[in-house]
Amino acid sequence: MKRPYILSVHRKTAVLLAASCVAALIVGCGDVSQEEETLSEVIPVEAQMPVEGTLTLKNEFVGTVSPEESVYVIPMVSAEVLSTEISVGDTVVEGQELCKLDTEAAELQLASAQAQYNSAAAGVQAAEVGYEIAQAQYDSTVAQLDVQNEQTQRQKDLTMYQMQMQIDGINSGIDDINEQIADLAEDKEDAKDQRDDLNRARKKANDYVAQAYAAYQAAMAAVTALEPGEDQTTKDLIDNYPGGEAAYRLDLERAKEQLAAAKTAYEQAQSAAAQTSSAYEQVKAGIDSIEDGEEQLRDALSDTYKSLEQTETIKDLTEAQLNIDSQTVQDIGKKTAALGVDSAAAQVNSAKVGAAGAQIGIDSAEYQLDMYTLTAPIGGVIEAVNVKEHDFASPGTPAFVISNKNTMTVTFGVSEGIRNTLRVGQKIEVDRNGKLYDAVITEIGSMVDQTTGLFAIKSCVNTPDDSLLTGSTVKVTAETYSQTEAILIPYDAVYYDDSQPYVYVAVNGVAQRRDVETGIFDMDTITVLSGLTTQEQLITSWSANLREGAEVSVQMVSGDADNTQTTDAE
């Protein structure tokens, strides 16, 4: 960690300053003016402009190499090894023969199973012949019963046909009534539409009567206004009328014409309203008549359904009576004949079950025989061979170990803090004796290993070579912590007052302290989250006299630096 190191440097500097002060006191106090003159000197410092960027830290871990897929080929039987041509390091393909075991016992078991199956198959053939004979007897019996029942069936069919015709007639009547009900329903809907239209027309006609009456009253008032009252004469009106007698006569004539027209319009509106109301009442009466007709049809429909139900009940009873005698005799005869067929079928099924059991014995013997030849379940490289010719293979011991090394897995452990920074699909770097391989994280463990206290991380190397041996140790480098859009400054430019980090900036030739909030850091760079901008001159060099308010002489230096560093693994 860099931070404790920085603190210790500052403490050593303070000790040196204290020692210098003690030495000055021993010499004497007569040089105070000289000391003040020294302290007031301009301090030469180096400075740079902070930059905004990203600081990414990398951690290194120790990983273990293993194949992505590895299988143990274990014998399923105990037998002598007759031959094997496979050695450690050989490459095999899926299904390739690895070794052959002695199959004598398995071949004898297969031959015995085959003999049992042949015997069972012969029994199946004999049972099938017996079934065919029983079936022929059954067919003959059924044919005879069918001939005897034919005449009875004809009579029954005729009776049932006549009753069905009666039922069909009733159903036809039901359909007719339903159609009439549907037609009346349509007529009623049409009548309701007409009623609604006439009701709206009646309201409009009444509105027109009211309007015509108002116009008539207005016209009558206009004529009355032009006629002399009880205490007036026509001459008096003419003498006081604007425009004289001619204008008066003309206006009076016009008012009387408008009164006559208004009266005619009022009378016509009354007549139209009366006609509309009459038509509305007629349509209402028609709707009531339609509803009465619907009620009558529904009553008739209910009676017809009752008649249909009674007729169908009589038909069912008649049919049952006609069937009771002939059907009982026919059923007894057919059941008796069917018993023989069922017995023969049961014998066939029993024989087939025996044959199926014998076939299972053959399949089992063949499966056992296949176990005496060991083949590769996957393609890959032979990692171990534990059998040799004339030895006995044991079901409890792996004979071969095969690894598919087309893709290798590197597993490494991390702390919980670093685990939370990793993600599936993240690219990492694997180093084996200086040779680098690209890898991708495929699995992030969710359970702590009780031995190491770490979480297991698995990664995939898609382009392995012979250097990545199974079980070998490698160095894994992965990006962990990162901060973006942060201010990047040299680590040595940060000072600490107790736990408060701060820096010095140069402002118009004077050093000023800036308290800052810091983030992640490496050996060279630290991030500043607040308290500093990229427009300020950051003092990066150290001086014993550097303090708040000190005069400084600034020499600007370049601040370019790689902002992605590698730190030691946790």
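Looking only at segment 458-477, count every residue that is part of a strand (DSSP E or B), under 11 Å from Gly63 (Cβ atoms) and not β-branched (Val, Ile, Thr) and tell me the total. Give the derivation first.
Of segment 458-477, the ones part of a strand (DSSP E or B) are 458-461, 473-477.
Filter again for under 11 Å from Gly63 (Cβ atoms), leaving 458-459, 461, 473-477.
Restricting the remaining residues to those that are not β-branched (Val, Ile, Thr) gives 458-459, 475.
Qualifying residue count for the region: 3.
Scan segment 84-105 residue by residue and report those that are touching a Leu at 6+ places or on another chain (Cβ under 9 Å) and assigned to a strand (DSSP E or B). Selection gives Thr84, Val92, Glu97, Leu98, Cys99, Lys100, Leu101. Leu108 meets all of the listed conditions (1) closer than 12 Å to Gln368 by Cα; (2) open to solvent by less than 60 Å² (accessible area, probe 1.4 Å); (3) not in a loop (DSSP other than H, G, I, E, B) but one, namely (2). The residues listed here are Asn59, Asn118; of these, the one that is out of contact with any Lys or Arg (no Cβ under 7 Å at 6 or more places or on another chain), surrounded by 14 or more Cβ atoms within 10 Å (Cβ to Cβ) and modelled with pLDDT of 85 or more is Asn59. Restricting attention to segment 47-76, the residues being over 15 Å from Glu479 (Cα atoms) and part of a strand (DSSP E or B) number 16. Residues in segment 510-529 that are modelled with pLDDT under 95 and among the small types (Gly, Ala, Ser): Gly519 only.
When segment 419-465 is filtered for residues that are open to solvent by 90 Å² or more (accessible area, probe 1.4 Å), over 32 Å from the mean Cα position of the chain (by Cα) and of a type in the set (A, V, I, L, M), only Leu436 remains. Any residue at all in segment 154-172 that is farther than 23 Å from Thr318 by Cα and open to solvent by 80 Å² or more (accessible area, probe 1.4 Å)? Checking segment 154-172: not a single residue is farther than 23 Å from Thr318 by Cα and open to solvent by 80 Å² or more (accessible area, probe 1.4 Å). Residues in segment 395-443 that are in a strand (DSSP E or B) and without any contact (Cβ under 8 Å) to a residue 24 or more places away in the chain were compared, and the one that is nearest to Met76 (Cα to Cα) is Glu443.
In summary, Ala478 fulfils each of the numbered conditions (1) over 24 Å from Val381 (Cα atoms); (2) open to solvent by 60 Å² or more (accessible area, probe 1.4 Å) with the single exception of condition (2).
Go through segment 218-242 and give me each residue that's open to solvent by 60 Å² or more (accessible area, probe 1.4 Å) and either assigned to a loop (DSSP other than H, G, I, E, B) or over 17 Å from Arg254 (Cβ atoms) (or both). Across segment 218-242, the qualifying residues are Glu227, Glu230, Asp231, Gln232, Thr233, Lys235, Asp236, Asp239, Asn240, Pro242.
The values are calculated or read from the model by the stated rules, or taken from the named source; none is laboratory data. Because the structure is predicted, anything quoted here is derived from the model rather than measured. Please note: Cβ atoms are built from the backbone with ideal geometry, for glycine as well, and neighbour counts cover all protein chains shown. Surface accessibility is based on the protein's heavy atoms, side chains included, excluding ligands, DNA and RNA. Shrake-Rupley method; radii C 1.70, N 1.55, O 1.52, S 1.80 Å.
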